[in-house]
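Contents: one structure, followed by commentary.
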Amino acid sequence: MPRELRFVTDNYGLLDLNFRSERKSAYPARTLASKIGRDFLKMDSLIDKKLFLKRMQADWWRRVGKNGEAAGLIQAMNREDLDKILTNFTLTSKYDLKEASRELFYSIADIQVRSESSRYFADSTPVNIMNAVHINELLQGSKFINMIRDGRDVVSSVLTQRWGPTDALDGLAWWKNRIIEGHHQMMKLDKSQVMELRLEELVELNREESYQRLLNFLDLQDHPRMRKYFNETIRSEKMSQGNWKTQVPDPGRFDQKYLEILTELEESGIWITQHY
């Protein structure tokens, strides 16, 4: 089932709405607000809520997806349900913003899942890991799987995306910063909430053990449907490993820079195994 959670971590989403003073670097207006004072922050809060509601009814509700078809919340719920949820949020957020935000999230999640037996609502948005502390504060008891992939393959992939870096070496710096921030976020959470997993090991190098680790972490029993999906969909031929060798302008320099970054990460206490 298509699911939509952009309203959590996107600009002016729930995290911005609830933790704007801690995320002030996200917007120049917030940097200015810290200099001007409390009154501006109060006004900024009202602006944030209006922009949040506007995006909930605009691009988070419906936008054109990669395949040209409608994407957004419209894929899994109707507008009447959304309007009811937003009306309730507008009323309750006046008194307790965090609780109103939680209620909004779970109301939308329940509609999208439509199953009383489901224990988890999973979302694979990469920036979730870099916002894990705030997500956990808002959605208490969340579990985080920090999926790490070879940085060269990550950069090769994101260079084709309109939202990613456009230069290969800049892309490696971008990847490094994400790895560091993700590591710092994970260190601040309870160990029972955090699991680190290498994509290469799950897909090819250590499939069965990685799969079992996932089940243990989530306290789930194996299931025929889940096993079938894993066997048929999580395949090495879909991983595009090593494409960077023919896609980046100077593969040799690119590879050398990556090795330097791995050394820098190791010196700071972050070990990223190089599998190839």
(message) Please pick out the residue among GLY252, GLY171, GLY269, GLY182 that is farther than 22 Å from ILE129 by Cβ, at pLDDT 95 or above and either of a type in the set (Gly, Ala, Ser) or touching a Cys at 6+ places or on another chain (Cβ under 7 Å) (or both).
(response) GLY252
(request) Quickly run through region 68-83 and pick out the residues that are surrounded by 12 or more Cβ atoms within 10 Å (Cβ to Cβ) and either out of contact with any Gly (no Cβ under 8 Å at 6 or more places or on another chain) or assigned to a loop (DSSP other than H, G, I, E, B) (or both). (result) ALA70, GLY72, LEU73, ILE74, GLN75, ALA76, MET77, ARG79, ASP81, LEU82, ASP83
(message) It is to be established whether one or more residues within region 100-109 are among the aliphatic types (A, V, I, L, M), under 22 Å from ASN11 (Cβ atoms) and over 18 Å from the mean Cα position of the chain (by Cα).
(response) yes
(message) For region 1-22, which positions are in contact (Cβ under 8 Å) with a residue 24 or more places away in the chain and part of a helix (DSSP H, G or I)?
(response) ARG6, PHE7, VAL8, THR9, LEU14, LEU15, ASP16, LEU17, ASN18, PHE19, ARG20, GLU22
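Look at PHE121 and say whether it is surrounded by 12 or more Cβ atoms within 10 Å (Cβ to Cβ), modelled with pLDDT of 95 or more and of a type in the set (Phe, Trp, Tyr).
Working: surrounded by 12 or more Cβ atoms within 10 Å (Cβ to Cβ): yes; modelled with pLDDT of 95 or more: no; of a type in the set (Phe, Trp, Tyr): yes.
It is false that PHE121 is surrounded by 12 or more Cβ atoms within 10 Å (Cβ to Cβ), modelled with pLDDT of 95 or more and of a type in the set (Phe, Trp, Tyr).
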(request) Please work out if ARG162 is surrounded by fewer than 14 Cβ atoms within 10 Å (Cβ to Cβ) and either aromatic (Phe, Trp, Tyr) or within 22 Å of ASP10 (Cα to Cα) (or both). (result) yes
(request) Answer yes or no as to whether GLU200 is more than 25 Å from GLY141 (Cβ to Cβ), among the charged types (D, E, K, R) and free of Cβ contacts under 8 Å to residues at least 12 places away in the same chain. (result) no
(message) List the residue pairs whose Cβ atoms are under 7 Å apart, where the first residue sits in region 208-226 and is closer than 14 Å to ASN146 by Cβ, the second is of a type in the set (Asp, Glu) and in a helix (DSSP H, G or I), and the two are 6 or more positions apart or on different chains.
(response) SER210/GLU201
(request) Only helices (runs of 4 or more DSSP H) wholly contained in region 122-233 count here; list those with 3 or more residues that are in the same structural domain as GLN256 (by TED's automatic domain parsing) and touching a strand residue (DSSP E or B) at 6+ places or on another chain (Cβ under 9 Å). (result) 132-138, 168-187, 207-218
(request) Take the residues in region 86-107 that are of a type outside the set (Phe, Trp, Tyr) and under 21 Å from TYR120 (Cα atoms), then tell me which one is surrounded by the most Cβ atoms within 10 Å (Cβ to Cβ). (result) SER101
(request) Please list, ordered by first then second residue, the pairs with beta carbon atoms under 6 Å, 6 or more apart or interchain, first in region 231-255 and under 13 Å from LEU199 (Cβ atoms), second surrounded by 14 or more Cβ atoms within 10 Å (Cβ to Cβ). (result) ILE234/VAL203; SER236/VAL203; SER236/GLU204; MET239/VAL203; GLN241/ASP153
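The values are calculated or read from the model by the stated rules, or taken from the named source; none is laboratory data. Worth saying up front: this structure is predicted, and the values here are computed from it rather than measured. Because the Cβ atoms are built from the backbone with ideal geometry, glycine has one as well, and the counts that use them run over all protein chains shown.
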